[in-house]
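Working notes, structure below.
The values are calculated or read from the model by the stated rules, or taken from the named source; none is laboratory data. All figures in this text were calculated on a predicted structure; none of them were measured in a lab. Counting neighbours? That spans all protein chains shown, and the Cβs are built from the backbone with ideal geometry, glycine included. Surface areas here come from the heavy atoms of the whole protein model, side chains and all, with no ligands, DNA or RNA. Shrake-Rupley method; radii C 1.70, N 1.55, O 1.52, S 1.80 Å.
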Amino acid sequence: AICNFVICNDSSLRSQPIIFNPDFFVEKLRHEKPEVFTELVVSNITRLIDLPGAELAQLMGEEDPKLPGANSTASGFFRSLMSLKRKEKGVVFGSPLTEEGIAQVSQLIEYLHKNLRAEGLFRVPGNSIRQQILKDALNSGTDIDLDSGEFHSNDVATLLKMFLGELPEPLLTHKHFHAHLKIADLMLFDEKGNKTSTPDKERQIEALQLLFLILPAPNRSLLKLLLDLLYQTAKKQDKNKMSAHNLALMFAPHILWPRNVTANDLQENITKLNNGVTFMIKHSQKLFKAPVYIRECARLHYLGSRAHTSKDDLDLLTSSGSKELQPLKSQKRSRLDSCHQEETQQRTEEALKELFLHVHNMPDSAKKKKLIRQFNKHPTALTPGSDAPTSPAPRRTRSRSFSGLIKRKVLGTPVILERKSRDTTPEPVRVSKENVQLLQKCGSPAHMSQAKLKSLEGQKEGSCRRMRARLLSKDSSSL
C-alpha cells in the first residue's frame with residue numbers, strides 16, 4: 001500500500017479540509033530509494049547546465065570538492081580567526097545542522113517575522129551582551145520568551161547570521177558550489193543562436209529547483225525558512241530599507257561562500273554569488289516545488305510500468321500516449337452518440353403513440369378529423385399496434401388518384417398493381433358528396449381496431465359494398 005489510512009471518529013476533525021501534497025511521490029522516492037532519486041534529479045541538472053566530470057563527481061559526493069583558496073599556502077588573519085571560532089562547538093552553534101538546531105533557530109525566525117519594520121534589519125548590529133545571553137539559552141535548550149521585550153530585533157537578526165556563519169559548511173554545502181556558479185551563467189540566446197547577457201530566468205529557476213531537491217533534508221528545511229524570511233523582509237523595504245540585493249550582501253557569505261575563504265579568493269566570482277542569492281530571495285516562493293516532470297516520473301515509478309529519467313522522455317511518452325488514445329476516444333464518442341440517437345428516437349416514437357391514442361379517443365369532431373389528417377401526412381406517425389421499421393424500405397411510387405387513396409383507407413393495405421405505362425397518369429375519379437360524407441363517418445380503418453371496423457362495416461354494409469364495387473371497377477378500367 002502506498003498510503004496508510006486512519007479512520008477518525010471525531011466529527012469536528014472530519015470537517016477540516018484535506019491537504020494534498022503534490023510532491024508526495026517525490027518525497028517518498030527520496031526517502032525510500034535515495035540512489036534512484038539522486039540519479040533522476042542529477043540527470044536533469046546536467047541537461048540544463050554543463051558540469052565537467054570532476055564537478056559532476058563532486059556534486060554526486062564521489063570526490064571531495066575543490067574550492068577556491070584551498071590550495072593557497074598564505075593564511076590570512078581572517079581565515080585563522082574563523083577557523084579558531086569554529087573549534088568552540090556548542091549544542092546548536094558551531095555544530096553540524098540537525099533537526100534540534102533547526103527547532104531552536106526557528107524561534108528566532110518566527111520572532112523576526114513579527115518585527116520586519118526595524119530599519120537596517122540584518123545590517124545594524126545588536127547588543128553583544130544580550131546576544132551572548134540569548135546564545136547560551138539556545139545552546140542549553142531552555143525556553144526563551146522573545147516577546148517579553150528583553151531583546152531587540154537587531155539582537156535576534158545578528159544572532160541568526162552568527163548561527164549560519166558558525167556552521168561547519170555553508171547552508172548550500174560545498175558540493176553544490178560549482179553548480180551555483182554555472183546556474184548564474186545561464187543566459188538567453190538570440191535568434192541566431194548566440195548567447196546574450198540577459199539571464200534565462202526560467203532555466204535558472206528550474207535548475208535551482210532540481211539542485212534544492214538533492215540538498216540534505218535539514219539544510220533544505222532551514223533554507224526554506226530563511227529565504228521566506230528574507231523575501232518577506234524585502235517586501236517591507238520601504239520601512240526597513242533592506243532590498244533583496246542588500247540582504248544578499250549580508251547572507252551570501254553565510255549560505256553560499258565556502259568556509260575559510262576571503263573576498264580575495266572569490267574576486268572573480270563574488271558578483272555571481274551575490275547576484276545568485278539575490279535571485280533566490282526574489283523567487284523563493286517557486287524554488288521549493290519539484291518540477292512537474294519530476295513529480296510525474298516519481299509517480300510513474302510507483303504507479304506506472306517504468307520510470308523515465310528525463311523531461312524529454314516524459315514528453316515523448318505523453319505525445320505518443322495521446323496519439324494512441326485518440327482512436328479509442330473517437331470510438332467511445334461514436335458509441336455514445338449512437339446510443340443517444342436510439343434513445344431519442346425511442347422516446348419520440350412513444351410520445352407519438354400516446355398522442356395518437358389520445359386523438360383516437362376524442363369524440364368525433366372537425367378537430368379530430370383535422371388531427372387524423374395531420375397524422376396521415378406525417379411520415380413517422382405510428383399507430384398503437386405497429387412497430388418501428390427496422391430498415392428503411394425503398395419508396396414505391398403511389399397512385400395519386402383519389403380512388404387509390406380511398407382503397408388504402410378502406411382496405412387498410414396498399415394494393416400493388418403493375419402499371420402498363422408509367423408515363424400515363426390515371427384520370428381523376430369523381431366521387432359524389434354522399435360517398436365522401438360516408439367515408440368521413442367511417443373514419444380511417446388503417447388506424448382503427450378490427451372490431452370497430454367490423455361493426456362499422458355491418459352498419460353500412462350495403463352502401464359500402466356498392467361503393468367499393470363501383471370504385472374498383474372504375475379504377476381497374478383507368479389502370
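Summed over region 100-114, the residues that are open to solvent by 20 Å² or more (accessible area, probe 1.4 Å) and either touching a residue at least 40 places away in the same chain (Cβ under 8 Å) or among the charged types (D, E, K, R) (or both) give a count of 6.
Looking only at region 206-227, decide whether some residue is among the aromatic types (Phe, Trp, Tyr) and touching a Phe, Trp or Tyr at 6+ places or on another chain (Cβ under 9 Å). For region 206-227, residues among the aromatic types (Phe, Trp, Tyr) and touching a Phe, Trp or Tyr at 6+ places or on another chain (Cβ under 9 Å): present. A single member of Ile19, Ile2 is farther than 30 Å from Met162 by Cα, at pLDDT 55 or above and in a loop (DSSP other than H, G, I, E, B), and it is Ile19. For region 281-295: of the residues being assigned to a loop (DSSP other than H, G, I, E, B) and open to solvent by 30 Å² or more (accessible area, probe 1.4 Å), which is nearest to Ile183 (Cα to Cα)? By that ranking, first place goes to His283.
Yes/no per residue for (1) open to solvent by less than 70 Å² (accessible area, probe 1.4 Å); (2) within 37 Å of the chain's Cα centre (by Cα); (3) farther than 19 Å from Ala234 by Cβ:
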site	(1), (2), (3)
Thr98	yes, yes, yes
Val124	yes, no, no
Asp145	no, no, yes
Lys161	yes, no, no
Glu166	yes, no, yes
Leu186	yes, yes, yes
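Taking every residue in region 128-147 that is closer than 19 Å to Gly94 by Cα and pairing it with any residue that is in a helix (DSSP H, G or I) and open to solvent by 30 Å² or more (accessible area, probe 1.4 Å), at least 6 positions away or on another chain, the pairs with Cβ-Cβ distances below 9 Å are Gln131/Met162; Lys135/Met162; Leu138/Gln107; Gly141/Glu100; Thr142/Asp136. The set of residues from region 263-280 being assigned to a loop (DSSP other than H, G, I, E, B) and open to solvent by 40 Å² or more (accessible area, probe 1.4 Å) comprises Ala263, Asn264, Asp265, Gln267, Glu268. For Lys323, the stated conditions do not hold, so it cannot be described as of a type in the set (Lys, Arg) and modelled with pLDDT of 75 or more.
Under the condition of being in contact with a helix residue (DSSP H, G or I) (Cβ under 7 Å, 6 or more places away or on another chain) and aliphatic (A, V, I, L, M), which residue from region 57-72 is surrounded by the fewest Cβ atoms within 10 Å (Cβ to Cβ)? Only one residue fits best here, namely Met60.
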